[in-house]
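S.K.: Before we start, here is the structure in question, set down as structure tokens.
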Amino acid sequence: MFAAEAIGTTTRSQTPSLKALILNASYEPLRIVSWQKALILWFQDKVEILEYHTKFVRSVSATFELPSVIRMKKYVKPKRIDGVRFCRENVYIRDLFMCQYCCVKFAAKDLTIDHVIPASQNGPKNWTNVVTACRACNQRKANRTPEKAKMPLFKPVKAPAWLPVLEHEVPADKAPPAWKEYLRFSKT
Ligand SMILES: [Zn+2]
């Protein structure tokens with residue numbers, strides 16, 4: 001449909017900067033798509049374009065600026081939580097690299113994973129029972145519940161909504177500048 005050479009690239013060697021960030025009608029980031037998909041959604045009148053890349057594509061009859069950030073005209077139900085992989089790195093991202101007991105931000109190497117209800121008391125290893133903790137808090141809490149240790153969590157534990165998925169697709173430091181104001185929980 002488009003003359004890819006017009007933007008000096010091929011569809012196969014696209015860089016993240018030529019992709020588009022899709023926001024929900026509520027401005028919540030949903031996912032990242034190719035510029036082709038972004039233009040198709042726009043032709044279908046499903047999205048409005050909020051930001052552009054400084055690149056163009058030519059079709060037979062017209063030239064189009066490539067969308068960088070697009071917004072759904074109708075609200076869509078965000079991707080289900082079970083689509084977010086449960087792993088140490090995603091727990092850190094959900095918790096913004098902050099110890100959930102002392103509320104201090106740490107580098108990943110200084111963080112640990114803590115079972116809120118200890119594994120020894122049958123606490124499961126899942127999104128709602130695992131939090132980010134610094135080494136000192138993890139040691140102090142030891143094999144106790146937050147109540148027993150008198151170490152309350154500074155916010156309730158919830159499964160993450162969407163960001164870890166986006167972070168894995170495009171790391172925060174590689175996201176185009178135009179995306180940053182829409183990615184509210186970026187780790188940088
Ligand atoms: Zn701590």
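The values are calculated or read from the model by the stated rules, or taken from the named source; none is laboratory data. Nothing here was measured: the structure is a model prediction, and the numbers come from that model. Cβ atoms come from the backbone with ideal geometry, glycine included; neighbour counts cover every protein chain shown.
S.K.: Considering only the range 112-142, state which residues are among the basic types (K, R) and away from the ligand (no atom under 16 Å from the Cβ).
M.R.: Filtering the range 112-142 for residues among the basic types (K, R) gives 125, 135, 140-141.
The answer is K125, and nothing else.
S.K.: Then there is this: Hey, does the range 51-60 have a residue that's in a loop (DSSP other than H, G, I, E, B) and at pLDDT 95 or above?
M.R.: First, pick out the residues of the range 51-60 that are in a loop (DSSP other than H, G, I, E, B): 59-60.
Narrowing further to those that are at pLDDT 95 or above: none.
Looking through the range 51-60, none of the residues is in a loop (DSSP other than H, G, I, E, B) and at pLDDT 95 or above.
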